[in-house]
Amino acid sequence: MRRLIRHVTLLIAMPWLTLGVAHAFAAPPPAAADIVDEADRIKESEPAHFAQLLQDIQPLRNELRDGERARLTFLEGWQAANRGEGAKAKALLDRVVDVSSDRLLRFRALAALLPVLDHAHHYEEAFRRLNQWQELLPSVQDNAARQVGLMAAARLLDSAGQFDLAEAYAKDVADHPVAGASGCAGMQLLAQVRLDAGRLVGTDPDYAAAVSRCNLAGEPVAAESIRADIGAYYLKAGKFQAAVDTLAPYRDALAALGQPVLLASVDTTLAGAYFGLGDLERAHHFADMAAATNASDPLAFPRHLAFKVLYEVEQRVGDARSALGYHEQYMAAEKAALDDISARSVAFQVVDQQALAHKADVDALNKQNEILRLSNALDRKEVENGRLYIFVLGLVLVGIVALVLRLRRSQMRFMRMARRDGLTGICNREHFVEQSERVLAYGARSDRGACLILFDLDHFKNVNDTWGHSVGDEVLKRAVDVCRRALHACDVFGRLGGEEFAVLLPDCSPAQARARAEQLRLSISATSATPSRPELVVTASFGVASTLQCGFELHRLLVVADGALYRAKRSGRNCVFMGDSGDIPDSPYPVAASG
């Protein structure tokens, strides 16, 4: 009986003994630091597992040392940035940058922070953080971290028009890919920067090879991005058929990749190319799809170019109402794009000047400290020598103060440059729009009419093709000088782009504007195009609009004046046409051209 009881007891206890032995020999759970290492390693390759690891580590957070806790904060900020949670990502990454003593971790956090600030349009802060990143760059030996940082810095600099440094960073990425990587991202970035800088040569075989390499490496988005840049190059170069041949065969495959912004950019390029080929139906189709793209950031692709194609197509087919609607959207989108470009450029210049001024202040402080040190030393020397030294050091301090003042003046000069056309010195498009709207607002309040003259130089492309761009630039500057002599101090004169100019005449009647436009036309045609080419004669065609018929809205004046200018071109050029508030194809009021 006792033996039976003993056997039964042993049988009951056996599973629990087995469980205890299994538990004793089971692998211990991973340490908190190991989870952070694993999450950092797989954050890009296994996003779902990465997110799960970040959840698993939260109860163990207090087990982490300070350095490991800072790296966990970086990973949480990186995750928030990739999910589009900009405010959360900024707060977490700022904490790492400002608190961590690990230079590599701060470098990585800054690289992740740059696109977050750029996407939120915090441009000045982005460029200040870029300066911090550049200070850390020489000390970073981790190639993977360097490549990520170089790509973020290159994109930010490219958006601000700092193409030389952006291209240098992009070329570094392309030339030194991470071990085992295809290098596609570097080639795509290099092509994008060179396209924006006007240095891309779409026929370069390296880019075709890069597209093939990216496809073989299973990176179709990078491949299609390079192809999109090549197509945009052909469009800018006026090679419309080449742009279509480059992009059209791959457009449907791109649509399947789920990249709406890239697809919209390609559709915009195709729309411009088909318009250049005269295929208005396809041009309208692709421009309409690009304009309808629902992007979270309206500046993510050149939306204004899609509206421009739609406006030009409707104008070509004679639908004035639709043309006006698309022109309003084109003007609004282009203004937003120009404002963003200007904001980026000004932010870069302001931060750059602040950095130079800070360096000058530090130098001045160091000099002052040196002066105090020498003054104390001079107390132990003879009075005569002491006076001489103090006088010399005073001169140095005066020179430093002069340098600081010069930097301040330079900063103001950069602000003025942002408002002037670099070639002719007159208002650029953005400043012309700003000044004209101010003048029109005053005219509307005071019931004083105004007129807008829109003109461009006839056959200017032939001048560039025949004589070269240097002669073309001289022709533009000569025409501007001739017009300046005929304009009044209160007139607003600006270059809208290329060979197209506009003049807003305040307190002016239609008859006076017509006469002023004729005076400008005669002055341009009667003056030799350049001193070095007296035989070269350039003429201009003019369109005039008045607030008497169109009201005081600038975009309406531009549409009507552009319609009149278009009719002047069709009527043989070198003439002046008046516009009105009706449809664009209304009957003209030509002024006969002499000669």
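The values are calculated or read from the model by the stated rules, or taken from the named source; none is laboratory data. The model shown is predicted, which means the values in this text are computed figures rather than measured ones. Neighbour counts are summed over all protein chains in view; Cβ atoms, including those assigned to glycine, are modelled from backbone coordinates with ideal geometry. In case anyone asks, the SASA skips ligands and DNA or RNA and just uses the protein heavy atoms, side chains included. Shrake-Rupley method; radii C 1.70, N 1.55, O 1.52, S 1.80 Å.
From 274, 234, which residue is modelled with pLDDT of 90 or more and touching a Ser or Thr at 6+ places or on another chain (Cβ under 7 Å)? Of 274, 234, the one residue that is modelled with pLDDT of 90 or more and touching a Ser or Thr at 6+ places or on another chain (Cβ under 7 Å) is 234.
The condition (being out of contact with any Phe, Trp or Tyr (no Cβ under 7 Å at 6 or more places or on another chain) and of a type in the set (A, V, I, L, M)) is satisfied by just one residue among 480, 503, 492: 480. Residue check: is residue 110 assigned to a helix (DSSP H, G or I), touching a Lys or Arg at 6+ places or on another chain (Cβ under 6 Å) and closer than 30 Å to residue 338 by Cα? Here the answer is yes, as residue 110 does meet what is asked.
For the structure I just gave you, tell me whether residue 329 is of a type outside the set (A, V, I, L, M, F, W, C) and either buried (at least 17 other Cβ atoms within 10 Å of the Cβ) or not in a helix (DSSP H, G or I) (or both). Spelling it out, residue 329 is indeed of a type outside the set (A, V, I, L, M, F, W, C) and either buried (at least 17 other Cβ atoms within 10 Å of the Cβ) or not in a helix (DSSP H, G or I) (or both). Reported count of residues in segment 551-584, each being among the basic types (Lys, Arg), surrounded by fewer than 18 Cβ atoms within 10 Å (Cβ to Cβ) and assigned to a helix (DSSP H, G or I), is 2. Take segment 144-171 and flag every residue that is open to solvent by 40 Å² or more (accessible area, probe 1.4 Å) and either over 24 Å from residue 121 (Cβ atoms) or within 17 Å of the chain's Cα centre (by Cα) (or both). Scanning segment 144-171 gives 144, 146, 155, 162, 163, 164, 165, 168, 171.
Taken as a whole, segment 365-385 holds at least one residue that is open to solvent by 70 Å² or more (accessible area, probe 1.4 Å), over 21 Å from residue 304 (Cβ atoms) and touching a Phe, Trp or Tyr at 6+ places or on another chain (Cβ under 9 Å). Restricting the first member to segment 542-568 and to residues that are within 21 Å of residue 519 (Cα to Cα), and the second to residues that are hydroxyl-bearing (Ser, Thr, Tyr) and not in a helix (DSSP H, G or I), the beta-carbon pairs closer than 7 Å and six or more apart or on different chains are 560/581; 565/541; 568/541. Of the listed requirements (1) under 25 Å from the mean Cα position of the chain (by Cα); (2) under 23 Å from residue 305 (Cβ atoms); (3) buried (at least 16 other Cβ atoms within 10 Å of the Cβ), residue 199 misses just one: (3).
Taking every residue in segment 108-134 that is modelled with pLDDT under 90 and pairing it with any residue that is in a loop (DSSP other than H, G, I, E, B), at least 6 positions away or on another chain, the pairs with Cβ-Cβ distances below 7 Å are 119/297. Give segment 529-550 a look and list any residue that's open to solvent by less than 70 Å² (accessible area, probe 1.4 Å) and modelled with pLDDT of 80 or more, or say none. Hits for segment 529-550 are 536, 538, 539, 540, 541, 542, 543, 544, 545, 546, 547, 550.
Residues that are crowded, with 17+ Cβ neighbours inside 10 Å and more than 25 Å from the chain's Cα centre (by Cα), at least 3 per element: which strands (runs of 3 or more DSSP E) completely within segment 408-519 meet that? Show your work before the answer.
Numbers: elements: 450-457, 492-497, 500-506.
Per the criteria, 450-457, 500-506.
Scanning segment 147-197 for residues that are in contact with a helix residue (DSSP H, G or I) (Cβ under 8 Å, 6 or more places away or on another chain) and at positive phi yields 161, 183. Just to be sure I understand the filter: pairs with C-beta atoms under 7 Å, separated by 6 or more residues or on different chains, first member in segment 202-219 and closer than 12 Å to residue 230 by Cα and without any contact (Cβ under 8 Å) to a residue 24 or more places away in the chain, second member open to solvent by less than 50 Å² (accessible area, probe 1.4 Å) and of a type in the set (Lys, Arg). Which pairs pass? Within 7 Å, the pairs are 211/227.
Quick one: which residue in 111, 70 is among the small types (Gly, Ala, Ser), buried (at least 16 other Cβ atoms within 10 Å of the Cβ) and within 31 Å of the chain's Cα centre (by Cα)?
Working: 70 fails: within 31 Å of the chain's Cα centre (by Cα).
Result of the check over 111, 70: 111.
Any residue at all in segment 428-439 that is among the small types (Gly, Ala, Ser) and farther than 25 Å from residue 557 by Cβ? Before the answer, list the steps.
Here is the first cut: in segment 428-439, the ones among the small types (Gly, Ala, Ser) are 436.
This time we only want the ones that are farther than 25 Å from residue 557 by Cβ, so: none.
There is no residue in segment 428-439 that is among the small types (Gly, Ala, Ser) and farther than 25 Å from residue 557 by Cβ.
Out of all the residues in segment 385-412, which are more than 14 Å from residue 354 (Cα to Cα) and at pLDDT below 70?
Taking segment 385-412 as the starting set, the residues that turn out to be more than 14 Å from residue 354 (Cα to Cα) are 385-402.
The answer is 385, 386.
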